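Colleague: What follows is a single structure, and I will ask about it in a moment.
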Amino acid sequence: MSITNEDQMIGMQKVSEAVAYTLKKMTEYAEPGMTTKDLDEYGAKILEGFGAKSAPYLTYGFPGWTCISVDNEFCHGIPTNQRILKEGDLINIDVSAELNGYWADNGGSFVIGKDIHGHQKLVEASKDILRKAIDNIKGGVKIADIGHLMETEAKKRGLKVIKNLGGHGVGRSLHEQPDELLNYKNRYDTRRFKKNSVVAIETFISTDSNLAVELKDGWTMVGNKGGYMAQHEHTIVITDGKPIILTEMNEILN
């Protein structure tokens, strides 16, 4: 989506506020002993309060309102009553929604309670890489160059990037052009970020794997070589200077 008038900007701000506030509140609410289904239902009520509808449910018939992935689950985890959060778990919550014809997407990984398994280092790396990527995105910048920056920063920390997951355009639907905003340099990709366009930019930073593979449930993805992954995601508007972070209220980079 390209923003061409004030009404579109207001529409994107409203849906972005809905997903960002929901993600923030879910992050604060999550604690040991709770099921991922409990957490998902809590988020659903907040989205409903905004009049927003779950994007994965609307678009794909996903069996949950938000995606909640725990420990070895990399993304698209299904909220269930069987998955009970434990102290030290690495969790990722991804919240995307539609409101009045506009769509926004955001997500974040964090540790439940105390960091008894040492996941915080991975979480901080993912945050830092997203922060650096956003700081370097503006109209005219090559999409592949941002991917190169992300992979370079991961390698500096002894980490990997997941090569078959990426950010994407967003606005009038959940996934739009430009698609495949990858976390590495695709040398065949000559596209550039366009001023006034809206994208969901996200990290996929991993300890051991470089690909995500789908489990038999048809949704949940794990690493091809195991390990853990952290993801952080903002919906942004590209400008001539620093991007406008529409989902800044989620405080994922704090």
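Colleague: For segment 80-107, enumerate the residues that are under 18 Å from the mean Cα position of the chain (by Cα) and on the phi > 0 side of the Ramachandran plot.
Modeller: none
Colleague: If you scan segment 153-167, which residues turn out to be surrounded by fewer than 20 Cβ atoms within 10 Å (Cβ to Cβ) and under 16 Å from the mean Cα position of the chain (by Cα)?
Modeller: Once the filter is applied, which keeps residues that are surrounded by fewer than 20 Cβ atoms within 10 Å (Cβ to Cβ) and under 16 Å from the mean Cα position of the chain (by Cα), segment 153-167 yields K163, N164.
Colleague: Among the residues of segment 32-65, write down those that are under 20 Å from F110 (Cβ atoms) and polar (S, T, N, Q).
Modeller: Matches in segment 32-65: T35, T36.
Colleague: Within segment 3-31, which residues are part of a helix (DSSP H, G or I), open to solvent by 60 Å² or more (accessible area, probe 1.4 Å) and free of Cβ contacts under 8 Å to residues at least 40 places away in the same chain? Before the answer, list the steps.
Modeller: The initial filter retains those residues of segment 3-31 that are part of a helix (DSSP H, G or I), namely 6-29.
Filter once more, keeping what is open to solvent by 60 Å² or more (accessible area, probe 1.4 Å): 6-7, 10, 13-14, 17, 21, 28-29.
The answer is E6, D7, I10, E28, Y29.
Colleague: Could you list, in sequence order, all residues of segment 168-192 that are open to solvent by 60 Å² or more (accessible area, probe 1.4 Å) and of a type in the set (F, W, Y)?
Modeller: We begin by selecting, within segment 168-192, every residue open to solvent by 60 Å² or more (accessible area, probe 1.4 Å); these are 172, 175, 177, 179-180, 185, 187-188, 190-192.
Correct list: Y188 only.
Colleague: Also, quick follow-up: Please go through segment 207-218 and pick out each residue that is surrounded by 19 or more Cβ atoms within 10 Å (Cβ to Cβ) and within 17 Å of the chain's Cα centre (by Cα).
Modeller: Answer for segment 207-218, where residues must be surrounded by 19 or more Cβ atoms within 10 Å (Cβ to Cβ) and within 17 Å of the chain's Cα centre (by Cα): just A212.
Colleague: Please pick out the residue among K195, K225 that is under 21 Å from K121 (Cβ atoms), open to solvent by 30 Å² or more (accessible area, probe 1.4 Å) and touching an Asp or Glu at 6+ places or on another chain (Cβ under 9 Å).
Modeller: Values: K195 fails: under 21 Å from K121 (Cβ atoms).
None of the other options fit; the residue is K225.
Here's the yes/no breakdown for (1) assigned to a loop (DSSP other than H, G, I, E, B); (2) in contact with a strand residue (DSSP E or B) (Cβ under 9 Å, 6 or more places away or on another chain); (3) modelled with pLDDT of 95 or more; (4) charged (D, E, K, R):
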residue: T190; (1), (2), (3), (4): yes, yes, yes, no
residue: K195; (1), (2), (3), (4): yes, yes, yes, yes
residue: N210; (1), (2), (3), (4): yes, yes, yes, no
residue: D240; (1), (2), (3), (4): yes, no, yes, yes
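Colleague: Ok, one more. Taking strands (runs of 3 or more DSSP E) that do not extend beyond segment 38-152, which have at least 3 residues that are open to solvent by 10 Å² or more (accessible area, probe 1.4 Å) and either touching a residue at least 40 places away in the same chain (Cβ under 8 Å) or of a type in the set (G, A, S) (or both)?
Modeller: 90-99, 102-111
Colleague: Please work out if E233 is part of a strand (DSSP E or B) and under 18 Å from F110 (Cβ atoms). Please lay out each step first, then the result.
Modeller: Values: part of a strand (DSSP E or B): yes; under 18 Å from F110 (Cβ atoms): yes.
For E233, the condition - part of a strand (DSSP E or B) and under 18 Å from F110 (Cβ atoms) - is met.
The values are calculated or read from the model by the stated rules, or taken from the named source; none is laboratory data. Keep in mind it's a predicted model, so treat the numbers as computed, not measured. So basically every Cβ, Gly included, is an ideal-geometry build from the backbone, and we count neighbours across all protein chains shown. Areas reflect the complete protein model, heavy atoms only, side chains present, ligands, DNA and RNA absent. Shrake-Rupley method; radii C 1.70, N 1.55, O 1.52, S 1.80 Å.
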